[in-house]
Amino acid sequence: KQWYQRRVRGKKMEDTVNEICRIFENYKHEGSEQVSKDEAYFAKFLTSERLLTLQILDSNFRRHILVQILTLFQYLTGDIKFKPNKLVLSEPRKFWIRDTTNNIYSILTETPPDGAAFVKHIKSVLKYENKWSRWKNEGCPSLTKSAVDKMKQQQKGVRRTVRPMDFTSEKYDLGNTTLNDLWNICPDNLAACQDSNRNFTPETYKFFEECIEQLEPDSGVEKQYYLTNDTAFVWRSLRLLAQQSIPYFQHIQNTKNLTLTDNLQNIVTIIGKEYKKDNGMECN
C-alpha cells in the first residue's frame, strides 16, 4: 500500500530491485557442471556478509530471490478482488515492472542448470496463478457448468444431418467406419453374442488352481502370502462362485462364525478335493 501511495518508498524499492539485478548480472554464476539437474532441495541461506559473495554464485540462491520478485510483480499488476480500487499503479511504474520482469527472465535463463526450462515452468506457474485469481474474482463459479455452457454455445447453429438407416440391407451403415466394421463382423448379432468364443468366465478349478496348491499342507507357502488374503481376489472368487457354484454359499451360511477369508479357504479346499475325486486323483 505504501509503495502505491508514497513516491519515496516506491523509489527505494525500485532502486533495491535494480541493484539486485545488477549484481546478479555482473557476478558470474556457477557453471552447469557444478550443479546436478537431478538434485532438488530447499536451501537454507545464511546472512553473514562474508558468505554473501559465495551465495550470489549459487543458482538456487538466485532463483530463490528472483522468483519472489516475479511473484510480487504479478500481485502488484494483477486484478485482485480484495485489493482496494484506489491502489492503481502509475504508468512509469508499470513500464518499470515490465522491463524489470524481462530482465529477471533473462537472468534466470542464463542461470544453470536448464535455465530456459526453469523459466518456462515459472511462467506456466504464474500463468495458472493468474487464472486462479481471476476465477476467485468471479466468485468461484462452477468449472463444470461453464464447460457445459461453452459446449452448448459451440453447438448452437450447427445442424446435424441424420441419415435414416436402411434396415432392408444386409450390411449396417452407421455413418462411421469404425462402427460399420464393428456391426458388420457378424450378420446375426444375437448369434455373435451367444458365440462360445465370447465366454470369458474361467472354469472354477482353473481359477482356484493356484490357491488350491497354496493351501496344500506341504506347499511351504506362509499364510500371509495366500491369495485369499487379497480382497480383490476374494471379491472375484465370490462373483465366480455365485455364477457357477451357488451351493457353496450354503457352506458359508453354516459357518458364519468364521471370517470371509476362512470361509473361502474352506470352499477352495472342498473344490480341490472334489476335483481330485472326480478325476481319479489321490486325495488326502
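The values are calculated or read from the model by the stated rules, or taken from the named source; none is laboratory data. Just so it is clear, the structure is predicted and the values come from calculations on it, not from any experiment. Here the Cβ is made from the backbone with ideal geometry for all residues, glycine too, and neighbour counts use every protein chain on show. Accessible surface areas use protein heavy atoms only, side chains included; no ligands, DNA or RNA. Shrake-Rupley method; radii C 1.70, N 1.55, O 1.52, S 1.80 Å.
At 7 Å along Cα-to-Cβ for each site, give me the label-to-label distance between residue 174 and residue 269 in nm.
5.1
Taking Cα centroids, how far is the range 183-236 from the range 94-126 in Å?
Each part's Cα centre sits 57 Å from the other's.
Could you please put 258, 182 in sequence from largest to smallest accessible area, using a 1.4 Å probe? Please report the intermediate quantities before stating the final value.
Numbers: 258 80, 182 105 Å².
Listed by decreasing accessible area, they come as 182, 258.
Pop the C-beta distance of residue 80 and residue 50 into the FRET formula with R0 = 45 Å and round what comes out to the nearest 0.05.
Details: r = 40 Å, r/R0 = 0.89.
Here the calculated transfer efficiency is 0.65.
What accessible area, in Å² to the nearest ten, does a 1.4 Å probe give for residue 136?
Counting only protein heavy atoms, residue 136 exposes about 90 Å² to solvent.
If the limit is 30 Å between Cα atoms, which of 171/206; 12/136; 81/120; 94/120 go over it? Intermediate values should be presented prior to the final figure.
On the way: 171/206 40 Å; 12/136 32 Å; 81/120 27 Å; 94/120 23 Å.
Check vs 30 Å cut-off fails for 171/206; 12/136.
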